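Input: a single structure, listed below in structure tokens.
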């Protein structure tokens, strides 16, 4: 399989197969596909969109590009994620409240994307707050205090981490398939049993409708 063929297929508005997507995610994560070719594919996806099946395959492929945490020892674990917008501070407010009520919160937050400030960036502005914990410390925090908020570290969804940064630097943020696959690949990898999705809308969000 050749990345040029995959790019051409999406450029010409054809549907990518699971094999096409798995090839791209695997080879880009491993450094065998350069950023300029990955950018071409991301732009083609941004312009031509993806079917539900393509989006599902991209999500699962990115989630399985690294480790998937097993949080079963913690029982019920809740995660929350926003689609992104200016002033998006819900996580910082609601997560400690839920943890104080005895609900386990294990959240992998994103960094700034496009014109927004990411939750991880906001938390990192607090002196002494470390958003880059090991998987072991991430789990231990939930055990000890009922909550842990980190960014993508170690080998959790590494494909999304690379594609996330590429979307930001190529102005390909506002794409529903890319937003959905990015969010859900992180959620699958971080191991929560229940997920709350905050779909922001309006002119200062990535989803205006």
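Rule-based calculations on the coordinates, nothing more; no lab input. All of these numbers come straight from a predicted model, not from anything done at the bench. In this analysis, Cβ positions are derived from the backbone assuming ideal geometry, glycine residues included, and neighbour counts consider all displayed protein chains.
Expressed as a fraction of 2.2 N^0.38 Å, the C-alpha radius of gyration for the chain is 1.02.
Figure legend: label point modelled 7 angstrom from the Cα of residue 121 along Cα→Cβ; residues of segment 161-189 with amide N under 17 Å from it are 161-174. In the chain, the calculated helix contribution to ellipticity at 222 nm averages -15000 deg cm²/dmol per residue, counting -39,500 (n - 2.57) for every DSSP H run with n ≥ 4.
For the chain, the longest principal axis of the Cα atoms and the long axis of helix 18-29 meet at an angle of about 70 degrees. Fewest neighbouring Cβ atoms within 10 Å first, the residues 28, 129, 46 line up as 129, 46, 28. Counting only alpha carbon atoms, the long axis of helix 35-48 and the longest principal axis of the chain meet at about 90°. At R0 = 22 Å, how high is the FRET efficiency between residue 47 and residue 5 if r is their beta carbon distance? Nearest 0.05 is fine. Step by step, r from the Cβ atoms, then E = 0.75. Relative to the longest principal axis of the Cα atoms of the chain, helix 135-145 runs at roughly 30 degrees. Distance from the C-alpha centroid of segment 131-146 to that of segment 1-66: 33 Å, rounded to the whole angstrom. If a spin label sat at a point 7 angstrom from the Cα of residue 132 along the line to its beta carbon, the backbone N atoms of segment 155-188 nearer than 20 Å would be those of 155-169, 186. With viscosity 1.002 mPa s and temperature 20 °C, the Kirkwood radius over alpha carbon pairs of segment 1-115 converts through Stokes-Einstein to a diffusion coefficient of 127 µm²/s. Convex hull volume per residue, computed on the Cα atoms of segment 124-172, equals 96 Å³.
Taking the square roots of 5 times each eigenvalue of the Cα gyration tensor of segment 3-63, largest first, gives ellipsoid semi-axes of 16, 14, 9 Å.
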